[in-house]
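The values are calculated or read from the model by the stated rules, or taken from the named source; none is laboratory data. Computed from a prediction, not measured in an experiment: that's the story for all the values here. Please note: Cβ atoms are built from the backbone with ideal geometry, for glycine as well, and neighbour counts cover all protein chains shown. The protein model used for the area step is the full one, side chains on, heavy atoms only, and it has no ligands, DNA or RNA in it. Shrake-Rupley method; radii C 1.70, N 1.55, O 1.52, S 1.80 Å.
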Amino acid sequence: MNSTFTRDTFIKALADEEEVFWSNSHKTSYKGIKLPPDSIKDAALRLNRFALYLKKVFPELQKTNGLIQSPLKIASAYQNSHNIPGRVLLKMDNELPVSGSIKARGGVYE
C-alpha cells in the first residue's frame, strides 16, 4: 500500500486492482467552521420535499420513504490490518439504491 501517488501511479494502481489509500494533503481542518443552522435546516427540508416524488418514481426508495441514503459499515478488518486507532467506518455510497452515483443527494439538492 502506498499513500504517496502521482496521478498516473494512482490510476495505474486502481487499474491493477491494487489496494490504495489516498489522503488529501490539501485538507484543512473543519474545526471552527460553523455552518449557519438555517442552511442545514434548509437543505434537509429541500431533500424531504423531494422525498414524496422520489418514493413515487423509484420503488427502491420505499424503505427510506424517498430519502436517498447509504449505509455506514464498520471496517474493523481494515482498521485492524492497518493499526488505525479509533473507529473506522465506510460510507457505502456504492450501495445507493437509485443513482449509481455518489453525488445523488447533491444532485437532488441542486
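Stretching the chain fully between Gln62 and Lys91 yields a gain of 8.4 nm (0.36 nm per residue, less the alpha carbon separation).
Note that the range 31-90 presents 82 Å² accessible area per residue, ligands and nucleic acids not counted, probe 1.4 Å. To the nearest 10 square angstrom, how much accessible area does Phe58 have with a 1.4 angstrom probe? Its heavy atoms expose roughly 70 Å² to the probe.
Between Val20 and Arg7, the modelled labels are 1.3 nm apart [label points 7 Å from Cα along Cα→Cβ]. Between Asn83 and Leu47, the simple spin-label model (points 7 angstrom out along Cα→Cβ) gives 3.7 nm.
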